[in-house]
Amino acid sequence: MRRALFILIALGLVAAGTLWVAARPASLTVAAGDLVIESPLWLAALAFAVSLFMVGLIVRLYAEIRSQLARRRLKRALRRRDEGEEAMVSAFAALAAGDGMAALKHGEKARRLLGDTPLTLMLAGYAARAAGRVQAAETTFRLLAEQKGAAAALGQRGIAQLAVERGNHAVAADAARAALVYQPNAAWAKSFAFEDSVRRRDWQAALALLPPAESGSDEAIRRAALLLAAAKEETEPRAALRLEQQAAALAPALAPAHAAVVRRLRAQGHVRAAERALKEGLAKAPHPMLAALALEGPANESKAGRAKRVATLASDVGGAEMALAAAQAALEAEDWAEARRWAERARAAGVMDRRLHALLAKIAEGEFAGSERAHAEAEAHWRDAASAPEPPEWTCRNCGASHGEWSHVCSSCGAAGSLRWGEARATAPQLLLPAPLPGL
Ligand SMILES: [Zn+2]
C-alpha cells in the first residue's frame, strides 16, 4: 500500500514535470554513432514517465505473485501439520488399543508429514515395537537418543525397554545411565542402573543411586542391606565396623545388622562393647540370630555360668526368642526346672512353633532319663512338634521366595534388601518400567 502511494506520488510529480517542460519549447537529441534521434523534450519526458509507470507495475505484479506463492505454501504446510497431527492421534489411539500394525502405519504417516521431531520419533519407535518390528524400533529410538535434552532421555528409555524385553540387562543399564545425564531424577533409569550395580556387586555405586532414607523405612532397610554387603567386602576392620553400625542405625529392626556389629566387635576383642551391642540389638530386633549369638559365650565359660548369663540377659531384654535361648542354655546345664520355666515363658510370649515342643521333649528326656515317664512325655512333645507350625523364616518381599538365612540380595529374584522375617509376600507387585503414556 505504501509502495503504491509512493508510485502514485512519483507519477504525479513526473506528470507535473512533463507539463512544465511541455510549456517550454525545447528538444532532446540522442546520438549513437551515425544515428541521431531528436525529440521534443515533453515527448521524451512523457516516455520516461510511462517507462517508470511500467517498471512500477512490473514490481507490483512480482510482489503480488510472490505473496500468492507464500500464502499457498503456508496453506499447504498448515494442511500437512493438521494431517500429521491427525495421524499422530490415530497412532496413539491404535497403540492404546493394542493394534501395532495400525499404529505403525499412522506413526509412519505422521513422521512423513511432520518430519523427524522428538514426538514423531517416539511414536514411530513405540509403534514399531508394538508391531513386532524390533530392529526398526531400535533404529528409531537411537535416532531419538541422538537428539538433545529430554528427547534423548526418551530415546534411551525406548532402547532400555527393548533391551529388557530381550533380556539384555547390560544394554538397558547403559541406556539408563545415558538417560540420567539428561534426567538425573528419572526413576526408571535409577532403577535400572541400581539393579545393574547390585548385579555387578558394585555396592557403593548402588548406594549412590538410592534416595536418602528415614531410619526404619523400607528404603533404609535396602540401604542397610547394601551397607552390610559393602562391609563384608571391606578389608579394613574399622571401616567395616562403621558400615555395619550405620546399617544398624538405619534399620534398627534388621537383626543381621546388629549381628554383624556384635560379631565384628567380638572379633576385634571388644567383649563389653559386643555385649552392649547384643543387648541393644535384642531389644530392637528380637531374632533367633541374635539369641544364638547370646548362647555363644567365652570359650572357658561353664554350662551353668552360661545358663546364668543368658537368663540374666533374657530377663533384661524380655521377648520370646531370648526365653527360648535361656531354656536352651538351662537344658544344656541340666537345670530342668529352670529350663521348663523359660520354655513356659517362651510359650506365654507367643512361641507356638515346633522349636518349643522339641525343647520340651528334650527337657523331659533329660529330666526323667530312661524312665517310662520320660518316654511317654517326650513322645507326646515330639508328636506335638511334628504337627506344630514351622518357625518363621526370611521371605522375599519382591518374589515371595523363602530363605533359610538372611542375605543382602534375594538369590531368587535379585532384589536388594527385600528379605523380611516372617512376612508374607508384598501384595502390590513392583512395576519395573511404568509406561510414559497409556499403551506404550
Ligand atoms: Zn526375591
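Listed by position, the helices (runs of 4 or more DSSP H) enclosed by the range 82-179 that each have at least 1 residues that are over 23 Å from the mean Cα position of the chain (by Cα) and not basic (Lys, Arg) are 100-114, 118-130, 134-145.
Annotation: residue 404 fulfils all but one of (1) within 16 Å of the ligand (Cβ to nearest atom); (2) surrounded by 13 or more Cβ atoms within 10 Å (Cβ to Cβ); the unmet one is (2).
Among residues of the range 189-214 that are at negative phi, those with a beta-carbon under 8 Å from a residue that is of a type in the set (Ser, Thr, Tyr) and buried (at least 16 other Cβ atoms within 10 Å of the Cβ) at least six positions away or on a different chain give the pairs 203/197; 205/197; 206/197; 209/197. Taken together, the criteria place residue 340 among residues that are basic (Lys, Arg), more than 16 Å from the ligand (Cβ to nearest atom), touching a residue at least 12 places away in the same chain (Cβ under 8 Å) and out of contact with any Pro (no Cβ under 8 Å at 6 or more places or on another chain).
Residues that are part of a helix (DSSP H, G or I) and over 60 Å from the mean Cα position of the chain (by Cα) do occur in the range 30-41, at least one of them.
Looking at the range 182-192 only, could you name the residues that are surrounded by fewer than 16 Cβ atoms within 10 Å (Cβ to Cβ) and either touching a helix residue (DSSP H, G or I) at 6+ places or on another chain (Cβ under 8 Å) or of a type in the set (S, T, N, Q) (or both)? Correct list: 185 only.
Taking the criterion of being within 25 Å of residue 204 (Cα to Cα), among the aliphatic types (A, V, I, L, M) and outside any helix (DSSP H, G or I), would at least one residue in the range 253-276 satisfy it? So far as the range 253-276 goes, yes, one or more of its residues are within 25 Å of residue 204 (Cα to Cα), among the aliphatic types (A, V, I, L, M) and outside any helix (DSSP H, G or I).
Of all residues in the range 355-401, those being among the basic types (Lys, Arg) and loosely packed, with under 13 Cβ neighbours inside 10 Å number 2. A residue that is part of a loop (DSSP other than H, G, I, E, B) and over 23 Å from residue 253 (Cα atoms) can be found somewhere in the range 279-297.
Put simply, of 338, 334 the only residue that is in a loop (DSSP other than H, G, I, E, B) and among the charged types (D, E, K, R) is 334. For the range 328-338, what are the residues that are surrounded by 18 or more Cβ atoms within 10 Å (Cβ to Cβ) and in contact with an Asp or Glu (Cβ under 8 Å, 6 or more places away or on another chain)? The one that is surrounded by 18 or more Cβ atoms within 10 Å (Cβ to Cβ) and in contact with an Asp or Glu (Cβ under 8 Å, 6 or more places away or on another chain): 330. Within the range 190-211, can one find any residue that is aliphatic (A, V, I, L, M) and farther than 19 Å from residue 414 by Cα? Taking every residue of the range 190-211 in turn, none turns out to be aliphatic (A, V, I, L, M) and farther than 19 Å from residue 414 by Cα. The listed residues are 333, 349, 385, and the only one of them that is closer than 30 Å to residue 220 by Cβ and away from the ligand (no atom under 16 Å from the Cβ) turns out to be 349.
So for the range 22-31 (the condition being free of Cβ contacts under 8 Å to residues at least 24 places away in the same chain, under 30 Å from residue 157 (Cβ atoms) and surrounded by 12 or more Cβ atoms within 10 Å (Cβ to Cβ)), does at least one residue qualify? Scanning the range 22-31, I find no residue that is free of Cβ contacts under 8 Å to residues at least 24 places away in the same chain, under 30 Å from residue 157 (Cβ atoms) and surrounded by 12 or more Cβ atoms within 10 Å (Cβ to Cβ), so the answer is no. Residues that are surrounded by fewer than 19 Cβ atoms within 10 Å (Cβ to Cβ), within 14 Å of residue 279 (Cα to Cα) and charged (D, E, K, R) do occur in the range 310-317.
Each row is one residue, and each column tells you yes or no for (1) surrounded by fewer than 18 Cβ atoms within 10 Å (Cβ to Cβ); (2) basic (Lys, Arg); (3) over 21 Å from residue 150 (Cα atoms).
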residue: 84; (1), (2), (3): no, no, yes
residue: 87; (1), (2), (3): no, no, yes
residue: 92; (1), (2), (3): no, no, no
residue: 99; (1), (2), (3): no, no, yes
residue: 102; (1), (2), (3): no, no, yes
residue: 112; (1), (2), (3): yes, yes, yes
residue: 117; (1), (2), (3): yes, no, no
residue: 121; (1), (2), (3): no, no, no
residue: 125; (1), (2), (3): no, no, no
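With respect to the conditions (1) within 11 Å of the ligand (Cβ to nearest atom); (2) within 23 Å of residue 353 (Cα to Cα); (3) at pLDDT below 90, residue 396 falls short on a single one, namely (3). Selection within the range 334-351: residues that are among the aliphatic types (A, V, I, L, M) and closer than 17 Å to residue 291 by Cα. The member of this set that is modelled with the lowest pLDDT is 351. For residue 71, the conditions (1) modelled with pLDDT of 90 or more; (2) within 30 Å of residue 134 (Cβ to Cβ); (3) not aromatic (Phe, Trp, Tyr) all hold with the exception of (2). For the range 399-440, a residue qualifies if it is among the aliphatic types (A, V, I, L, M) and at pLDDT below 90, and the qualifying residues are 424, 426, 428, 431, 432, 433, 435, 437, 440. Flag set for residue 95, criterion: aliphatic (A, V, I, L, M) and at pLDDT 90 or above. When residue 130 is tested against (1) among the hydrophobic types (A, V, I, L, M, F, W, C); (2) more than 22 Å from residue 160 (Cα to Cα); (3) crowded, with 19+ Cβ neighbours inside 10 Å, exactly one condition is not met: (2).
Here residue 391 meets each of (1) within 25 Å of the chain's Cα centre (by Cα); (2) assigned to a loop (DSSP other than H, G, I, E, B); (3) within 24 Å of residue 290 (Cβ to Cβ) with one exception, condition (1).
The values are calculated or read from the model by the stated rules, or taken from the named source; none is laboratory data. As the structure is a prediction and not an experimental result, all values here were calculated from the model. Cβ sites come from the backbone with ideal geometry, for glycine too, and all protein chains shown count toward neighbours.
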